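**Q** Can you keep this structure in mind? I'll have questions shortly.
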Amino acid sequence: MYRNQWEKHIHSSDTAFPATLHLYISFCPLITRSRRRVKQFKMRKVDLCLSSEGTEVILATSSDEKHPPENIIDGNPETFWTTTGMFPQEFIICFHKRVRIERLVIQSCFVRTLQIEKSTSKEPDSFEQWIERDLVHTEGQLQNEEIMANDGHATYLRFIITSAFDHFASVYSVSAEGIAVSNLS
Ligand SMILES: [Ca+2]
């Protein structure tokens, strides 16, 4: 009787162990596969607003020698472009290719009203109104404006600062998460 129970016990734990092991093994590749997929997805998306990606600022209404417009797309969070004391002020970013933007992040200081226009032309013309934002100023902090983009197809972006919280405004960086769609040719 005792032996019979003991055998039962051994038998049940014998089957339970391989079952657990089996579950563990079959879950493992699932996790690895999904992690790999996420990694590939991230690699496909890039920051399209980087000079290292071939992007350029082709026009800016102010250019201080120490704080030139290139500082907006240099990938360095400490460098910035600064305006003179008149508004509106603007700058145009050229991607040199067709892109689809999904998310924009603008880091700035003292910007009150920001308009963003975009063009899908080969030349910097035919801009259409795209996004308009009223920004908030918090003393001692950079403005970090995050915009989820609808219909983000563009070849050029035009940023117009129509008003500011001070005599000067500055833009530290513009980053555009998205994908390069095709060349301009
Ligand atoms: Ca910068």
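Every number in this text was worked out from the coordinates using simple rules, so none of it is lab data. Since this is a predicted model, take the numbers as computed values, not measurements. Every residue, glycine among them, receives a Cβ derived from its backbone with ideal geometry; neighbour counts consider all protein chains shown.
**Q** Quote the charge dipole size of region 46-183 about the Cα centre in Debye, to the nearest 20; the model charges only the Cβ of Lys and Arg (+1) and of Asp and Glu (-1).
**A** Dipole of region 46-183, to the nearest 20 debye: 280 debye.
**Q** Take peptides 167-174, 101-108 and line them up by average Cβ neighbours within 10 Å, highest first, as a rough protection proxy.
**A** Descending mean neighbour count gives 167-174, 101-108.
**Q** Then there's this: Within a 10 angstrom radius of the beta carbon, how do L48, L142 rank from fewest other beta carbons to most?
**A** By the 10 Å Cβ count, ascending, the order reads L142, L48.
**Q** Let me ask something else about it. Along the charge dipole of region 46-183, pointing to its positive end and built from +1/-1 on Cβ of Lys, Arg, Asp and Glu, which listed residue (T138, S51, S163) has its Cα farthest out?
**A** Looking along the dipole axis, the top candidate is S51.
**Q** Mind pulling up the Rg/Rh value for region 46-183? Radius of gyration and Kirkwood radius, both on Cα.
**A** The Rg/Rh ratio comes out at 0.93.
**Q** Can you give me the distance in nm between label points at H167 and Q129, each placed 7 Å from the Cα along the Cα-to-Cβ direction?
**A** With each label point 7 Å from Cα toward Cβ, the separation is 3.2 nm.
**Q** Using a cut-off of 14 Å between beta-carbons, work out the net charge of the residues near F168 (Lys and Arg +1, Asp and Glu -1, F168 not included).
**A** Spelling it out: positives minus negatives among the neighbours equals 0.
**Q** Under a point spin-label approximation (7 Å from Cα along Cα-to-Cβ), what is the T113-D64 distance to one decimal in nm?
**A** Calculated label separation equals 2.4 nm.
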